[in-house]
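Student: Take this structure first; my questions come after.
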Amino acid sequence: MASDVTLSGSIRSNLLTLQNTSSLVNRTNSRLATGKKVASAIDDAVAYFQAKGLTDRSSDLTTRKDNVDQAVSSVKSAITGLESVEKILVQMKGVALSAKSADKTERKSLATQFGTLATQLNQLANDTQYQGLNLIAGTAANLKVQFSEKSAAFLKIDAVDVRMSALITGMGSASVQATAMAGIAWSAASGQISKLDDVISHLNSAITTVRTDAKQLGNNVALLQTRLDFTKSYVNALTEGSDKLTLADTNEEGANLVSLQTRQQLGIQALSFAGQQEQGVLKLFG
């Protein structure tokens, strides 16, 4: 075609070399800008999809890690509640012990204190929630923590009930217990001191139960923390493996860029020399 420009072999060779060098310069600049030597499947399909698999796995485990972390906080909240419940039970036991040596009038006052403490214990247990989950105010609830999306590894933590109606099991129905402990037993005649001994015995059992529940939850926290630490380390290992496949060595790429820029300048000069040679030939016809 009339519009086509025919280039000599030497000019075309130098031009192609210069174009290749420019392409390499652009690639190197991109690697330095993004920090990645493999940014898409076009760069290296095998490395890209291997890295993507590791990154996807890391992302999935990060979600699991966050759930485990929240579970740790939930169980710790329950343990804090149990520790407070134990303190109230110890107070109630102290009141009951005082009632043994008190007269009838004093017992009525102590009975009121006892009833107030029992009410506060129930309210504290009911208030011990974390994100709507209560692990100490009823056995219907449970916390199930899934550790991995690729296996059935999980931990199920069953809730406990440390309200007065559940702790004091030998005093009759829930509606009778508070009256039996706070009213009848303590305002009775001196000859019925044995009822106070029963109350103290039940309180001792309740304290033991709460301590056992706290110990079990503490073991669960330790296990959750172990899984949390493992998952954190595993996520880091996966991320590191992905980076090895995709990240560029900035020192190497920097050196490459200097070399390519030098080559680019030489290519421009070579192209200029080739053009000068053709001009010299043209002068022969002048």
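Student: Answer yes or no as to whether Thr128 is surrounded by 20 or more Cβ atoms within 10 Å (Cβ to Cβ), among the hydroxyl-bearing types (Ser, Thr, Tyr) and either without any contact (Cβ under 8 Å) to a residue 24 or more places away in the chain or in contact with a strand residue (DSSP E or B) (Cβ under 9 Å, 6 or more places away or on another chain) (or both).
Tutor: Numbers: surrounded by 20 or more Cβ atoms within 10 Å (Cβ to Cβ): yes; among the hydroxyl-bearing types (Ser, Thr, Tyr): yes; either without any contact (Cβ under 8 Å) to a residue 24 or more places away in the chain or in contact with a strand residue (DSSP E or B) (Cβ under 9 Å, 6 or more places away or on another chain) (or both): yes.
For Thr128, the condition - surrounded by 20 or more Cβ atoms within 10 Å (Cβ to Cβ), among the hydroxyl-bearing types (Ser, Thr, Tyr) and either without any contact (Cβ under 8 Å) to a residue 24 or more places away in the chain or in contact with a strand residue (DSSP E or B) (Cβ under 9 Å, 6 or more places away or on another chain) (or both) - is met.
Student: Next question. Could you run through the range 137-159 and say how many residues are of a type outside the set (Gly, Ala, Ser) and under 13 Å from Asn122 (Cα atoms)? Reasoning before the result, please.
Tutor: Step one: of the range 137-159, the residues of a type outside the set (Gly, Ala, Ser) are 139, 142-147, 149-150, 154-158.
Checking which are under 13 Å from Asn122 (Cα atoms) leaves us with none.
Selection size over the range 137-159: 0.
Student: Among the residues that make up the range 105-123, is at least one of them touching a strand residue (DSSP E or B) at 6+ places or on another chain (Cβ under 7 Å), among the polar types (S, T, N, Q), modelled with pLDDT of 90 or more and surrounded by 14 or more Cβ atoms within 10 Å (Cβ to Cβ)?
Tutor: no
Student: While we're here: Between residues in the range 51-69 that are more than 15 Å from Ala39 (Cα to Cα) and residues that are of a type in the set (S, T, N, Q) and in a helix (DSSP H, G or I), which pairs lie under 6 Å by C-beta distance while being six or more apart or on different chains?
Tutor: From the range 51-69, the pairs are Ser58/Thr239; Leu61/Thr231; Lys65/Thr231.
Student: Another question, then. Exactly one condition in (1) in a helix (DSSP H, G or I); (2) under 34 Å from the mean Cα position of the chain (by Cα); (3) at pLDDT below 85; (4) among the acidic types (Asp, Glu) is false for Asp197; which is it?
Tutor: Tallying (1) in a helix (DSSP H, G or I); (2) under 34 Å from the mean Cα position of the chain (by Cα); (3) at pLDDT below 85; (4) among the acidic types (Asp, Glu), Asp197 fails exactly one: (2).
The values are calculated or read from the model by the stated rules, or taken from the named source; none is laboratory data. On a predicted model such as this, the values are computed, not experimentally measured, just so you know. All Cβ positions, glycine included, derive from the backbone under ideal geometry; neighbour counts span all protein chains shown.
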